[in-house]
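These notes concern the structure reproduced below.
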Amino acid sequence: MTTYLRGCSAKLPESNGNKCYGCDCLEVYDWLNGLNSVSRHDLVEVRFKNTRKGFYRNVNRLTLEKGDVVAVESSPGHDLGTVSLHGELVLEQMKKYKVSPNDENLKKIYRKAKPADIDKWKEAISHEIPTMLKARQITESLDLNMKIGDVEYQGDNTKAIFYYISEERVDFRELIKILADEFRVRIEMRQVGARQEAGRIGGIGACGRQLCCSSWLTNFTSVSTNAARLQEISLNPQKLAGQCGKLKCCINYEVDVYNDAKKDFPDFSQVLETLEGPYYFQKADIFKKVVWYSAKQDCTLNMTSIKLDRVKEVMELNRNGKKPEKLLDIPDLVSGEQTTDGFFINQSISRFDEQEKAASRKKKRKRKKKNKSKESDNEN
């Protein structure tokens, strides 16, 4: 029998020694697993609901493995979580989260979870969704400008954490009193942003994979439309926004690569002057090093694609007070060969219409032959 925990894909197989090989929320690959190495410390990383994690001391030197359900120190009482990482990699994770291994405030791991602890944990988890729905009704009745996004009960069912979203400061002192009287537990309110809420809830992104914020992304950096402009992405709000309503985090992933690739590119605000007339910049393919220019500044029709080296050459001539005869001074492009953007010049667009006309003529011939054969059969 398999029990699902914590509102995600976390599972607790009862027939497998009370181990939880749950979802991969902020999972860390243990590449030291299987090596006979002795840990120099007693620190363990424990994961709770969704993306919440913490570092604890294994003061009792318990033999712990990834997936073990453990009872840990909390305030008040104790909480239950699953071991997500142990060994030397815990120190690296603590550096990432800027937590000191010598911190005296690190809490302890009491024991491996007993069957009684598991049963109480399941009971606490079963209250989370009804509590969240009831809390939303209470906030609406108090006319508070906030949204209860999630509720997490402590493993011993003595405390509940309410995660809420609000764009302004909210006075929820009256709300805490009502919630405490209603659910008879200690109440803790935690404000989260839209990105953090998407990470807690999870989902599938436009790429078809699990959301980065719920799988591996831990630090949220600001995303601006300048990053999209640098990569020449269409500024369509519906495509640029993620499930959180903010700009997608993945827009920042390749910005550094584009910055490095653009180091050799000149300032395209300069107009290319030729004897044929001026040419204005329209767009550029950074990695192919191909640039498109047109004869009219506000018109993208009849664009000409040229290589970056030719652009620099024309710009250098203009700076010296000279103008080339043509923008394209490459004989190969005039002879009807393939241009850099993959299209053929000196080709007629009506060639596709001619193919359709030829196909329609063949159909008419076949119909005439069929009609003649039918008439001859009727005469016989």
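Derivation of every value follows stated rules applied to the coordinates shown; laboratory data play no part. Just so it is clear, the structure is predicted and the values come from calculations on it, not from any experiment. Please note: Cβ atoms are built from the backbone with ideal geometry, for glycine as well, and neighbour counts cover all protein chains shown.
Working from label points 7 Å from Cα in the Cα-to-Cβ sense, the residue 375 to residue 362 distance is 2.5 nm. A simple charge model with +1 on the Cβ of Lys and Arg, -1 on the Cβ of Asp and Glu and nothing else charged puts the dipole of the stretch 153-266 at about 100 debye relative to its Cα centre. If you plug the beta carbon distance of residue 232 and residue 301 into 1/(1 + (r/R0)^6) with R0 = 30 Å, you get a FRET efficiency near 0.95. Rounded to the nearest Hz, the phi-derived 3J(HN,Hα) couplings of the stretch 235-250 under the Karplus curve 6.51 cos²θ - 1.76 cosθ + 1.60 (θ = phi - 60°) are 7, 9, x, 5, 8, 7, 7, x, 5, 7, x, 9, 5, 4, 5, 5, where x marks glycine and proline. Sequentially through the stretch 256-263, phi angles give Karplus couplings (6.51, -1.76, 1.60; θ = phi - 60°) of 5, 5, 5, 4, 5, 5, 8, 4 Hz, Gly and Pro residues having no value and appearing as x. Among the chymotrypsin sites (Phe, Trp or Tyr not before Pro) in the stretch 56-161, those placed in a DSSP loop whose Cβ has at most 13 other Cβ atoms within 10 Å are 97. Its Cα centre serving as origin, the stretch 127-196 has a Cβ charge dipole (Lys and Arg +1, Asp and Glu -1) of approximately 120 debye. Under the simplified labelling scheme, the residue 27-residue 59 pair shows an inter-label distance of 3.3 nm, with each label point 7 Å from Cα along Cα→Cβ.
Computed from phi, the 3J(HN,Hα) profile of the stretch 181-193 under the Karplus parametrisation 6.51, -1.76, 1.60 (θ = phi - 60°) reads 5, 6, 10, 6, 9, 6, 10, 10, 9, 10, 8, 10, x Hz, with x in place of Gly and Pro. Restricting the stretch 24-130 to trypsin sites (Lys or Arg not before Pro) that sit in a DSSP loop and have at most 12 other Cβ atoms within 10 Å of their own Cβ leaves 40, 61, 98. A cut-off of 5 Å between modelled amide H atoms, ignoring neighbours fewer than 5 places along the same chain, links residue 304 with 293, 294. Summary of the geometry: the stretch 244-285 and the stretch 99-178, compared by the centres of their Cα atoms, lie 48 Å apart. Among the listed pairs 263/326; 53/98; 263/289; 262/296; 53/147; 120/159, those whose Cα-Cα separation exceeds 18 Å are 263/326; 262/296; 53/147. With the highest mean first, a sort of the peptides 141-150, 284-293 on other beta-carbon atoms found within 10 angstrom per residue produces 284-293, 141-150.
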